[in-house]
Each structure stands twice: as C-alpha cells, then as structure tokens.
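Below is one structure, written out as structure tokens; the observations come after it.
The numbers here are math on the coordinates, done by the rules we state, and not lab data. Keep in mind that this is a model prediction, so the values were computed, not measured. Heads up, the Cβs are rebuilt from the backbone with ideal geometry, glycines too, and the neighbour counts pull from every protein chain shown.
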Amino acid sequence: MNALVLSAILGVVMMFSGILLKRPAAIRSVAIIGLLLLLASNMLDMSGTRFFSINLGDFLHFDRFAFLFNSVAIFCVLVYVLLTGKAIERVGVKNYADYFALFFFVLCGIFLVTSFQSLLILFLGIEIITIPLYILTGSDKRNLKSNEASLKYFLMGAFSTGLMLMGIALIYGAQGTFAIEKFNLLKIPGSPLMIAGMLLMLFSMAFKVSAAPLHFWTPDVYDGAPTVFTSFMATVVKAAVFIGFIRLFENAFGLLQPTWQLWVALMAAATLFVGNITAVFQQSVKRMLAYSSIAQAGFMMLAIFALNGDAKEGLLLYGAAYSLATIGIFSVLSRMDDYSYESFNGLAARQPLVAATLTIFLLSLAGIPLTAGFLAKFYMIKAVVATGSNLWLVVFALLMAAVSVYYYFRVIQAMYFREAGEHSASFQEPGKGFKWVLVLVAALIIALGLFPSLLLNWLYF
Amino acid sequence: MKNALQLAYLIPLFPLLGFLLNGLGRKYFSKSLIGTIGSGAILASFAVSLWVFFQVKSGNTHVAHYFNFISVGDLKIPFAFQIDQLSSLFLLIITGIGFLIHLYSTAYMHDEKPEHFGRYFAYLNLFVFSMLLLVMGANFVIMFIGWEGVGLCSYLLIGFWFRKEEYNKAASKAFIMNRIGDLAFLIALFWLINKTGTVTFLEVFSAESLSKLSDRDITVITALLFVGATGKSAQIPLYTWLPDAMAGPTPVSALIHAATMVTAGIYMIARSNVLYSMAPAVMTVIAIVGLATALLAATIALKQNDIKKVLAYSTVSQLGYMFLALGTGSYVAAVFHVMTHAFFKALMFLGSGSVIHAMGGEQDIRKMGGLSKYMKITNITFLVGCLAIAGIPGLSGFFSKDEILAGAFATSPVFYAIGLFTALLTAFYMFRLYATTFRGSFRGTHEQEHHLHESPAAMTIPLIVLAVLSIVGGYVGVPEFIAAGAHSLKDFLYPVFEPSYKILQEHHVSHETEWGLTIGSTIAILAVVIYAWTRFSKKPDLAEPQGLGKVLANKWYVDEIYDAVIVKPLNKLGALLNNIVETKVIDGIVNGVGRLVNYGGRQLRWVQSGQVGLYVLLMVLSMIVIFVLQFFFRK
C-alpha cells in the first residue's frame, strides 16, 4: 500500500517538477530520489511497516510474492532511469519531466496488477499501465513511425480492452461477483458462460504479454516507439503483466486448469516458434529484440502452464533476469544512430567494457549457464517437467532456446569478430556512471545465476 | 574431521584467477608477465592435482560438497566435486599436458601483440578451468556447465585470428555442431531428473535410483548422452567440425582438439558406465559408430596434404577407437587410450607447430621435406610420436591399442579385423606424413630454406617431455598375457568400473590367442611402416590425386553432402519463409486488405495501411478457432 500511494503522489510531483526545474539532470535526480524512496517504502511494507491502514476489502491483497515483484519492478525502473535517463533527452527535453511522471503512473498500475483481488482492480491496473504507454510510444512527435506505432498500439489496445471487459462481464454473469476469492468453481465448473469469459480474459492477457496469436502488434509498436521507451515497455511492464497473469490463473481459474492448460501450452509453443524463428531473419537489432521479447514471453508462458511452486519462483527470477538484461542491451542500443547488426562491428575494440557487459546480457538471454537467464529457463523447464506429462513442450522449448543462441550470438560475433567498417554507427561515449551501472547489472546477472536464493529467499523470510 | 580433499577446489581456482588476471590486465601487463601468470596458474593446479592423485592412490576418495547450487522443490543440485580414481587421472592429464602447452604457447604466440597475447592466455586458462569443472563435477549439471564452457572457449580460440572470414566460419561450425550434441545432453538430463529426481552421479548410479528406470528409460538416456558425446568428441555424424577447427592456433589444437576437450565424451560415458552396461543395444551402436568413424577418418587422412589436417583426421580416428573400446565394454582400455593418445597426439601437434613455425606459417607437406637436417629435436620427438601412434611394441600406443583390439576381438572378430585394418592405415598415413615432411630433400623456396631453424627451448622442452611420456606412458598398463598383475592402471581404476564388471559378462581370450594376435598385428604394422617410410622418402606423393584418391582427398565429400542435404535446404526454408510467407502471403494479404480499406478514407491511409485491420482479423480468427474447438470438439 505504501508504494501504491507514494507512486501516485510521486507521479504528480514529477509533473510539477517540470515547471520548477529546467535542467534535465535535475529532473532526473528528482526521479532517482523518488524511485529510491519508493523502493525503500516498499521494502518497509514488506517487513511490516505500513504507513496507511486502509480496509482493502475484496479489492487488493498484498502478499510477499507481490511485494517482492514490486521491489524488482522498482529496482528495474531505477536501473532503467540510471542507464537510459540521459538518452530520453534525445526524444525531447521540452516535456522531459512528464516522461518520468508517466513512469511513476505505470508503476502505480503495476502495483495494482500484481496484487489485485478483484477483476475490476485488474482492469484498472492494466489500463493505468497501458494508457501512459500509448503516450510514450507516440512521444517522438515529429517522427511518423512513432506516431503510426502509437495509433496502431492504441487501436489494437482498445480491442484487447474490449475483450477483457467482455470477459469480466461474462464472468460476473456466471459468478455474480468480481472478487476472485469468492468464485465458486466447484459447483458449476464447466458453465459455458464462465469458460467463455475465462477464454476472453486469456486472450486479453495474452495480448498484453504479446503471446501468439495475439502478438501482431508487438514488432510494429516496439520498432516504431522511441528506443528508450521500447526498453521500458518490453521489460518491466511485460514482466508485471505476467505476474498479474499468473495471479489471475492461479487464484481465479486454478480449478479450471484442465480446460485452459492445453490452450496455454499451444499458445506458449506458438509464441516460442514465432518469436524465435522470425527473430533469426531480422536485420535490425532493435527488431530482433522485439521478436526476442516475444520469444522470451513464450518461455514465461510455461510458468502459467505449469502453475506450481517452481513456476512462481521461476517467473519472478525470469522477470528479473530478462528485464535487467534487456534494459542493459537497450541502453547501449539507444546510444547508437543505427540499429543494424553491422553497427556493432568491432565494438569490442572501441568499447571493451560495454561490449563485455553486453555479452553477459546476451548470454543471459540465450540461457547460457552461470547467468541468471540459464537458471530462469531451468526453473521453467523444471516446472513443466514436474507436471508429469507434456514432454513435447519441454523438448520444443529447449529446441527453440537453441535457435535463440543464433541471433544473440550474431551480436556478440559482430562485436568481437568483425572489424569496424564504414557501417559502424557512431556510439555516444558513455560516462563513468553509465559504465559502473552496466557493470553492476552484469554482476547482478552473474550473481543471480550462481545464487538465485539471493532473490528467492525473500519470498520466505 | 574434514577430508583433506575438500581442498580440491584449489585446482580449478588457479586457472580461474589466471583468466581473470590476464583477461583484465592484458592491456597493462608485459608479455612475459602474462605468460608467467598463465602457465604458473596451470602449474599450481598441476601440483595440487598431483597431491590429490596420491591421496586417491592411497585410497582416499571423496565428494567435496561446497554449497547448494540449485534447489528447486525437492531437487537439490549441490555444487560439489567428485574426487575419485577416474577424475584424478583426468586431472593429471589436463593440468600436466595443459601446463606443457601453456609453456609452449609462450614461445609460439610470441609475435602476437601484447593485448592479443593476453587474450589468448585468458581464453586458454578459462578453457582449463571449464575442463576441470567438467571432470570434477559430482553431478551432471556441473558437468554440463563445464561442457558448455569448453565449447565456448573452443569457439573463441578457433576464431582467435578472427580477421580471416573462413576462420570465423570454422568457429561457428564447431559451435553449431556442438550445440546439436548439447541439446541431446540436456534432454537426457531432464529425462533423468524426471525419472530419478537427482543428477548427482553417486545417487543416479545407486541401485535405488537405477531400479526407478525402466529399460526404455536407460536406453533413451544413454542414447541421448551418446549423441551429446558424438558432438563433443567428433564422431559420425558430427565430426566434420574438428578438422575445420584446425584454423585455431596450433597449441590450441594440441590442447583442446587432441588431448582434452574432445575426450570429454569418453569421460562422460566412462563416468556413466553403469548406465551403459545396462543398455547393451546402445553399447553396440557406440562400438559400430566408433569403428566406422575410425575407419572413415583414417581413409581420409591417407590423402590429406595439410600437416594439421592429417593430425586432425587421425585424432577423429583415434577417438573412434576409444568409442570402440567403450562400446565393447573395455572401459579401462578407453581411458588408457585417452591417456596415451593425449601424450603422443599433443606431442605431434606441438611438433607440427614447431614445423609450421620454422616454415613461416606453411602447412602444406608437399612444400616441406628433409626437415630432419634442420630440426633435430623436432624430428626425433615427432618420430617417437609416429611410432607410438602406429603401435610399435614398447611405446605407449602399442599397449593401449592392443588392449582395445583384444577387447574388440573378444566381442566380435569382425570388429577386430576392421580395427586392425584401421591400425594399418594409421601406420601408413603417419609415416607418409613423417617421411614427406622430414625425409627426402627440401622442396620449399630458398627463402624458407634460409629461414629454417630449430625452435626455442620453451617449445622443445615440452616436446621432449611429451616424447618421454609417449615412450614410457604405456607401462602402467602392461597386458596380463605378457606379465601377470602388471596392469596397474586397471587395478587403480577398478573401483570406478566395478559395478559394470558385475553386469557385463567377461569374454576371456586365451593368452595364446592374444600372443598370436599381437605378434601378427605387429609384423603387419612394421611392414607397413617400412614400406611407407621408404616409399615416401624417395618419391613423395606430390601429384594431384585421381579416382578414389580424389574422393579421399575431398573427405568423401561429406561436407558437401551435409551442405546439400542439411544446410542448403535449411537456408532455402528460411528464404522461403521470408520470401513467400513474409512477402507474398503476409504482405499480399496486407496490401489486399489495404486496398479495401483505402476506399474508406484516403486521409488515414498512411496509418491504415491495412496492417492493423489484418492483425485484428488474424487475432479474431484464431480466437474463433479456439472457441469452436473448446465448445464443440473438447469433452
């Protein structure tokens, strides 16, 4: 609750800071301080110190899982602001503070989605997350691609909102309540109204996490949006929606698992296939990352499929590992003029430290051992294996993970094994602080790859 | 009291430190400092390995448990090292030969820039670290981490001279072929977790967990692990990367692609010998694949003219021998041959490096000849290597090869016959190589002749040490029929393979038969050696090969076949997906829908290019399909 209220207040504070402060660096500092406060208040909440005592009724329930993910999300946004904050200036300094205000509002939505107890709150949270994203996507006003992406995103987003509302309405019709705790599935488990509503919810959530066959918007929007904001959308937001996704399917539809499990399995497989196979053929790193985010979503779908203890722990780890690595890669990408693979040629010679950390991020995404990405994938596979059957899904996922190595290594190969040519894009010389944060994030990824309990122990103690 | 072997973590720690120091400091350190750190780290590991070996020899084996690496539900994967007879032997091979090769590299790579020199040693140390993890790990997961690590280092080192495009291709090829194998390994791993709930060697191989595995499970797991081994250890069908891997610096070929990494598959199977002994069908497959690889690679080696390519195919062939030994249940012979092969093949690779160094980078043996006059030490040591691999009595290769052939004879005389034929081929191409390179008269340019010189001491000392080992290394395994109870290696490794001996029935071949076989094969080999030596000293094989020789020189066109059957169709499929599905189908529909929508309003044309409509259409269609299937077809 602390973080929820504080994030809303901080959003407003950021909006006003734009009037008072003119220097981007000052605005950025305010945002960083705000994020630190937010992180601290959330940690306090987790350890039992609550600033507000409000009867949440059937609307919200903050459990450890939600708190922990919220901390991860705030931390990722903090890393994101530290790494990419300066690059946002390239989008525009005029409304600079407003972007940060939007981040806080998105965080506010995230807190709702991760701890909802009523379908209404879920809907509210999802909308609070999405509407700022429409704005961020279109924020590069003079760029037609950005405008187009924003409009496309909005049109299709509205479509998915419709799906969700329809689903909620049908479920209300079946259950007579929005509170997921009060759902009575034992009595009439298979009522068509309930199942139709559940499927619609499945589709709309799948849309938000860009799972096939509802992923079509993703490449266009991620590619069209300013790179700095793609980074934000593709990481923290996606991971948060996954937390809401698993919460919904565990707490509300857990008993209907036999009905939806097959569909989730097929969607996961389709997502893995589309994401990985299409990523192979991309010529732009930015577009490759858009497809890679689809591919990674396919892996996270496995957690929804398995829905056991391993799956939840693994999803948390996966969200953290994936977000941190992707934010890192995007932070480098956003300092480049050109997003083709060739522009990475010979980066290792010019920027050895940046190239080394980038390599760690890519290895983690590819799921190479000793990185957090490997363990995250390991947890997912383990969770699916634990369901007993469905070995085909495991084999398929591993096969697709092997495919993913190809396109991630293409970047590494360009950086290390190719000479810088005329195609190499100019790379903005990073400051010391940027490099330190990169190293820190890379170290964190290795540390989580060795000791996942650093993160997961928080669930229990 | 804690077991003293808990200290075994020191062994991989030194190379890791060496890697970090050289990796971070490569821009600031001098070459001599880099060389000292790199070699010193391995020497330190070797010292500890030696101590560990004597601990194990005096009967102290231990599983050193450090911390829980992964703990998911009731699956616990500890970070632990298993120190026993098998791993301690491999430790000695890896660190011992590793040290010699590091020492050699300090001279061989001396012309590189300090930064690249540092990079080279950092990679090499990282490789040794990964290889140590691979053999020391007490469970399949640690082994897999090492397995991936050595693959990565091999990739980095093959592509070390990355400015040449074909070298990059060789590196990628090695990496991809290994990934195919790794995938099989991973599936086997998860299968094992699913059925037994553990990956720790001691637990998996215990009677309790073996009883949980059905015959089918064991067959599938062992077969998948074997597929993994064919990738790493270059067996049919995944062997073609190894000859291409010769693009890397020669010491790398010696360390990774002859002595250590490529034997990882053999180590893994030897480690899991219990499982394999319970899967006789897979054993037969291994024996046949091994034998076929040995024969195929030996025939290819007959007509190669690149000094390193000959050695590479010879390595593939010898690895095939080791798999033959595994497949026929002679696990000790396989490990024995790993050891002796590590000695003489590392020796020959380093010798070839010395030759290449003297020839100023030339690798074509047709342009060499008569080098024995210029490079005395290289000449003698290389000759020792050739005699050892050919299996001349008294040298190390004789003992291990003889043991493999005896095991093959016990299983099937056909195996023996093909194995012996391969051994004759080996003797032939090795002495073709030796005679063409070192005997006769020099055929290179005057400039090269002027440049010819013996290599510096840092290169010749490892050669001499390895030559001595190649001679005496075989006496740890003197066969029973020559001197009873002299096979100390077998006694040493007995505890590791004891469970298998209980399952496999031993075929006994009488001592008289063994004497007969040995004497017969020795005479045949000697005849081939003398023939090849005299023939190629006088008249080297310089002409372009014709007929069958051409097929052999082109490696049976296996690369071309793979290219036509696998690579091209895959590329075509990719292009098809890209051209037809992406451009024709998707864009076609997009444009079609786009035109329809355009009637609506020209104002929004640039947004409504039809795509959003198409996207929503596709989404709705897929949802309808799911709804229909859910409500009308699912019970």
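For segment A:106-149, the list of trypsin sites (Lys or Arg not before Pro) that fall in a loop by DSSP and count at most 14 other C-beta atoms within 10 angstrom reads A:K141, A:R142.
Distances between placed amide hydrogens fall under 5 Å for A:L60 paired with A:Q117, all partners being 5 or more residues away or on another chain.
A crude spin-label estimate for the pair A:V5 and B:S441, with each label 7 Å from Cα along the Cβ direction, gives 10.0 nm.
Helical runs (DSSP H, four residues minimum) scored at -39500 (n - 2.57) apiece and divided by the length of the protein assembly as shown put the mean residue ellipticity at 222 nm at -23500 deg cm²/dmol. If a spin label sat at a point 7 angstrom from the Cα of B:Y531 along the line to its beta carbon, the backbone N atoms of segment B:407-434 nearer than 17 Å would be those of B:418-434.
Cross-linked pairs B:K490/B:K555; B:K173/B:K538; B:K31/B:K376; A:K22/A:K145; B:K27/B:K376: Cα-Cα separations exceed 32 Å for B:K490/B:K555; B:K173/B:K538; B:K27/B:K376. If R0 is 35 Å, the Cβ-Cβ spacing of A:D337 and B:W161 corresponds to a FRET efficiency of close to 0.70. Restricting segment A:15-84 to trypsin sites (Lys or Arg not before Pro) that sit in a DSSP loop and have at most 15 other Cβ atoms within 10 Å of their own Cβ leaves A:K22, A:R50. Applying 1/(1 + (r/R0)^6) with R0 = 35 Å to the Cβ-Cβ distance of A:E127 and A:V439, what FRET efficiency is obtained, to the nearest 0.05? My answer for the efficiency is 0.40. Here's how it looks for A:S340: its modeled amide H is under 5 Å from those of A:V285, which are all 5 or more places away or on a different chain.
Residue-wise HN-Hα couplings along segment B:620-634, as the Karplus relation 6.51 cos²θ - 1.76 cosθ + 1.60 with θ = phi - 60° gives them from phi, are 5, 4, 5, 5, 4, 4, 5, 4, 4, 5, 5, 8, 10, 10, 9 Hz; Gly and Pro carry x. Among the trypsin sites (Lys or Arg not before Pro) within segment B:62-169, those in coil by DSSP and having at most 16 neighbouring Cβ atoms inside 10 Å are B:R163, B:K164. Going from the residue with the fewest nearby Cβ atoms within 10 Å to the one with the most, A:F59, A:F434, B:F633, A:F51 rank B:F633, A:F51, A:F59, A:F434. Ordering B:V529, B:V285 by the number of other Cβ atoms within 10 Å of each residue's own Cβ, fewest first, gives B:V285, B:V529. Between B:T513 and B:A484, the simple label model (points 7 Å from Cα in the Cβ direction) yields a spacing of 2.0 nm. Peptide B:619-632 shows a mean partner chain C-beta count of 4 within 10 Å per residue C-beta. Structural descriptor for segment A:341-461: relative contact order 45 percent, calculated from alpha carbon pairs under 8 angstrom and at least 6 residues apart.
The Cα center of segment B:1-49 and the Cα center of segment A:319-341 differ in position by 34 Å. Taking 7 Å steps out from each Cα toward its Cβ at A:K145 and A:A349 produces label points 2.8 nm apart.
Shielding value for B:183-194 is 4, the average number of Cβ atoms from other chains within 10 Å of each residue's Cβ. Once the Cβ-Cβ distance of B:L50 and B:V551 is raised to the sixth power relative to R0 = 56 Å, the FRET efficiency obtained is 0.75.
With the highest mean first, a sort of the peptides B:346-354, A:169-177 on other beta-carbon atoms found within 10 angstrom per residue produces B:346-354, A:169-177.
If the segment from B:I464 to B:K538 were pulled out straight at 0.36 nm per residue, it would be longer than the present Cα-Cα gap by 23.8 nm.
Compactness of the protein assembly as shown is given as radius of gyration and Dmax, 31.9, 101 Å, from Cα positions. Potential lengthening of the chain between B:L17 and B:F627 amounts to 213.7 nm, from the contour at 0.36 nm per residue minus the alpha-carbon distance.
Each residue in B:W533, A:W392, B:W241 was given a count of other beta-carbon atoms within 10 angstrom of its own, and listing them fewest first yields A:W392, B:W533, B:W241. Peptide A:377-383 shows a mean partner chain C-beta count of 3 within 10 Å per residue C-beta. Would you work out the relative contact order for chain B, in percent, from Cα pairs under 8 angstrom that are 6 or more residues apart? Over chain B, the number comes to 11 percent.
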